[in-house]
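Have a look at the structure below before the remarks.
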Amino acid sequence: MGGTLFTEPVLVVNQKAKFIEMVNEYGVFDQNGNQLGFVAEVGQSTAKKIARFVSSLDQFMTHTYEIRDADQQPQLVMTRPRKIMKSSFVVSRPDGTEVGQIKQNNVFGKIRFSLEAGGQPIGELNAENWRAWDFHIKDGAGKEVARITKQWAGLGKEMFTTADNYVLEIKEPIEDPLRSLVVTAALCADTALKQDSR
């Protein structure tokens, strides 16, 4: 039995190359290249797709993503409401039950997010430099439990050598709701930072 999005210590996120990036979709793999799941943007209107094509206005629109398992069954739903400066994300189960929120704490300097459940902080995601692709994730006690990085020594597979990949490495076993927020945050980091830097 293979691992899942919630049991593997290493998740490789591959942004599927699109000719025109109308809809965001990613594949998620384990470190051996086995597909564990997908992330797909859902509920995109034609107007939103056109806005994405002709401008960067889509960063001010609401975005909803489904995190799906290898059989395309939704596991988590991430919604990023419209934003002006700071992003926030609501993470919920497919039935609508909220797992928690990921909230951007600052606009300038090294970007920081707090991971919250039930309105209480249970962890944080911090960029290691201001234009970073390297983040460390800490639990509520301030202990580093995971990292998101572009460069990871364990990746030998040819398929992972493209620029479109990044890696979530979970160093410590973590329980829900933090685990679900960490997995989602690894996918959020791209949405929050990359979308806006275009």
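The values are calculated or read from the model by the stated rules, or taken from the named source; none is laboratory data. Since this is a predicted model, take the numbers as computed values, not measurements. Note that each Cβ is placed from the backbone with ideal geometry, even for glycine, and that neighbours are counted across all protein chains shown.
Residues are listed down the side, and each one gets a yes or a no for (1) at pLDDT 95 or above; (2) touching a Lys or Arg at 6+ places or on another chain (Cβ under 8 Å); (3) not charged (D, E, K, R):
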residue	(1), (2), (3)
Met85	no, no, yes
Ser88	no, yes, yes
Arg93	yes, no, no
Ile102	no, no, yes
Gly109	no, no, yes
Gly156	no, no, yes
Met159	no, no, yes
Q. Between a first residue in the stretch 167-189 that is within 18 Å of Thr97 (Cβ to Cβ) and a second residue that is among the charged types (D, E, K, R) and not in a helix (DSSP H, G or I), which pairs have beta carbons less than 7 Å apart while being 6 or more apart in sequence or on different chains?
A. Leu178/Asp139
Q) Quick one: how many residues across the stretch 116-147 are out of contact with any Asp or Glu (no Cβ under 6 Å at 6 or more places or on another chain), at pLDDT below 90 and surrounded by 12 or more Cβ atoms within 10 Å (Cβ to Cβ)? A) 3
(Q) Looking for something part of a helix (DSSP H, G or I), at pLDDT 85 or above and of a type outside the set (A, V, I, L, M, F, W, C) - is there at least one such residue anywhere in the stretch 161-183? (A) yes
Q. Mind checking which residues of the stretch 62-120 are of a type in the set (Lys, Arg) and part of a strand (DSSP E or B)?
A. Arg68, Arg80, Lys103, Arg112
Q | Odd one out for Ile50 among (1) farther than 15 Å from Arg82 by Cα; (2) at pLDDT below 60; (3) outside any loop (DSSP other than H, G, I, E, B); (4) in contact with an Asp or Glu (Cβ under 9 Å, 6 or more places away or on another chain) | A | (4)
